[in-house]
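The structure under discussion appears below in the form of structure tokens.
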Amino acid sequence: MELCISIHFKPFTISILQKNTRLIRAEAERLGFSFTGIARAQPLDEEARQLEAWLNLGLHGKMQYMANHFDLRTDPTKLVPGAKSVIVLMHNYFPKEKQTGPEAPRLARYAYGEDYHFVLKRKLKDLLRFIREQIGEVDGRCFVDSAPVMERDWARRAGLGWMGKNTLLIRPGAGSYFFLAELILDLELEIDQPMPDHCGTCRRCIEACPTEAISPQGYLVDASKCISYVTIELREEIPQGFQGKMEGWVFGCDICQEVCPWNRFATPHSEPAFEPEPGLMEMDQRQWHEITEGVFRRFFSKSAVKRTKYEGLKRNLRFLKGLG
Ligand code: SF4
Ligand code: SF4
């Protein structure tokens with residue numbers, strides 16, 4: 001008996017939506033972004049309530065700007081009229097270099113190279129230009145930690161990871177040493193789905209934080225207790241309560257990332273702009289404490305460290321010596 005099998009294939013077509021989304025993802029990867037996620041541009045109602053509670057508890061310290069533009073922060077259509085999609089991009093900054101100078105004050109890894117605001121803004125603008133060339137007239141704006149955009153919430157909504165108990169965005173298989181950048185567009189794209197939380201019963205970040213800035217249940221950080229805040233954002237003298245708890249950090253703090261088990265997956269970035277200035281990693285304790293304005297300019301004129309200015313860095317160094 002002859003067996004007759006006929007298989008019917010559906011004609012494979014991809015929609016304009018899929019085509020545009022794939023084009024954008026491929027270009028983002030070519031520009032050096034590690035991962036791309038897309039969320040629907042809609043009000044962040046639940047996140048707005050959480051932000052309001054955080055502000056009402058005063059956990060933003062003296063970062064008054066966190067309370068400004070509340071409506072812009074929580075509704076992307078107020079930033080880009082007619083917004084349809086929020087493209088969130090992750091860019092690796094995990095360095096292969098380590099500070100090797102004996103007992104050197106510690107610098108958060110994100111600040112080793114050129115200021116990420118400029119590096120990522122350039123890439124985002126290139127991406128927006130590409131979208132306009134390839135897809136047509138698209139209205140959009142680029143954001144890198146500089147405008148009222150709740151980037152971790154968007155990254156979570158865009159399926160890039162979950163917000164860990166240390167409140168950082170964590171991506172399975174990659175960790176948390178990533179910058180986030182956003183493009184809000186009035187262009188409809190394929191949307192990604194959020195992923196579940198994988199912190200489980202882990203409490204390492206909560207237990208390792210030397211200032212108890214992370215709440216006992218996690219998912220809430222009191223910025224006014226955080227070393228990163230006092231070394232970068234605080235404009236006045238560092239409160240004496242931090243004495244003996246700084247663990248050597250002079251600019252930022254990576255402790256709650258260093259202890260996170262997901263960061264065992266971190267791999268070094270390949271972005272030349274994030275390479276540290278020659279000699280910076282080798283500075284020892286004495287060289288740090290004797291840093292002159294000229295040396296500060298040489299190492300940090302293009303770096304995020306210039307946010308503290310020379311006087312701010314000297315204040316932090318004095319505090320580390322117990323002289324603050
Ligand atoms: S950055 Fe440092 S001080 Fe701030 S929450 Fe994390 S471990 Fe604590
Ligand atoms: S250290 Fe543990 S609890 Fe903290 S963010 Fe990482 S996985 Fe979550």
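The values are calculated or read from the model by the stated rules, or taken from the named source; none is laboratory data. Everything quoted here is computed from the prediction, not taken from an experiment. Neighbour counts run over all protein chains shown; Cβ positions are idealised from the backbone, glycine included.
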### Task
Out of the residues in region 215-233 that are aliphatic (A, V, I, L, M) and surrounded by 21 or more Cβ atoms within 10 Å (Cβ to Cβ), state the one that is nearest to ligand 2 (Cβ to nearest atom).
Val221
## Note on the structure
Asp145 vs (1) out of contact with any strand residue (DSSP E or B) (no Cβ under 8 Å at 6 or more places or on another chain); (2) free of Cβ contacts under 8 Å to residues at least 60 places away in the same chain; (3) more than 14 Å from ligand 2 (Cβ to nearest atom); (4) assigned to a loop (DSSP other than H, G, I, E, B): all pass except (1)
### Query
Restricting region 37-74 to residues that are closer than 24 Å to Arg171 by Cα and acidic (Asp, Glu), which is surrounded by the most Cβ atoms within 10 Å (Cβ to Cβ)?
Glu47
### Set Tyr65, Tyr112: member being among the aromatic types (Phe, Trp, Tyr) and at pLDDT below 80
Tyr65
### Query
Val250: crowded, with 19+ Cβ neighbours inside 10 Å and out of contact with any Pro (no Cβ under 9 Å at 6 or more places or on another chain), yes or no?
no
### Task
Could you please let me know if Ala83 is of a type in the set (A, V, I, L, M, F, W, C), closer than 29 Å to Phe299 by Cβ and touching a strand residue (DSSP E or B) at 6+ places or on another chain (Cβ under 8 Å)?
no
### Query
What single numbered condition from (1) in contact with a Gly (Cβ under 8 Å, 6 or more places away or on another chain); (2) under 20 Å from Leu185 (Cβ atoms); (3) not aromatic (Phe, Trp, Tyr) fails to hold for Arg73?
(1)
### Summary
Listed by range, helices (runs of 4 or more DSSP H) wholly within region 188-297 having at least 3 residues that are within 16 Å of ligand 1 (Cβ to nearest atom) and either at pLDDT below 95 or more than 17 Å from the chain's Cα centre (by Cα) (or both) are 204-208
## Note on the structure
The condition of being surrounded by fewer than 16 Cβ atoms within 10 Å (Cβ to Cβ) and closer than 30 Å to Ser15 by Cα holds, among Glu182, Glu190, Glu212, only for Glu190
### Query
For region 170-186, does any single residue satisfy the condition of being outside any loop (DSSP other than H, G, I, E, B), more than 16 Å from ligand 2 (Cβ to nearest atom), of a type outside the set (A, V, I, L, M) and under 15 Å from the mean Cα position of the chain (by Cα)?
yes
### Message
I'm checking my understanding of the structure. Among residues of region 99-138 that are out of contact with any helix residue (DSSP H, G or I) (no Cβ under 8 Å at 6 or more places or on another chain) and in a loop (DSSP other than H, G, I, E, B), which one is surrounded by the most Cβ atoms within 10 Å (Cβ to Cβ)?
### Response
Gln99
### Query
Somewhere in region 278-301, is a residue over 20 Å from Leu317 (Cα atoms), surrounded by 14 or more Cβ atoms within 10 Å (Cβ to Cβ) and of a type in the set (Phe, Trp, Tyr)?
no
## Note on the structure
Here the qualifying pairs (Cβ atoms under 7 Å; residues six or more apart or on different chains; first in region 155-171 and over 14 Å from Ile38 (Cβ atoms) and within 14 Å of ligand 1 (Cβ to nearest atom); second part of a strand (DSSP E or B) and among the β-branched types (Val, Ile, Thr)) come out as Gly164/Ile170; Lys165/Ile214; Asn166/Ile214; Thr167/Val221
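A quick yes/no check of all residues on (1) of a type in the set (A, V, I, L, M); (2) free of Cβ contacts under 8 Å to residues at least 12 places away in the same chain; (3) farther than 27 Å from Cys256 by Cβ:
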| position | (1), (2), (3) |
| --- | --- |
| Leu55 | yes, no, no |
| Thr77 | no, no, yes |
| Lys84 | no, no, yes |
| Glu97 | no, no, no |
| Leu107 | yes, no, no |
| Glu133 | no, yes, yes |
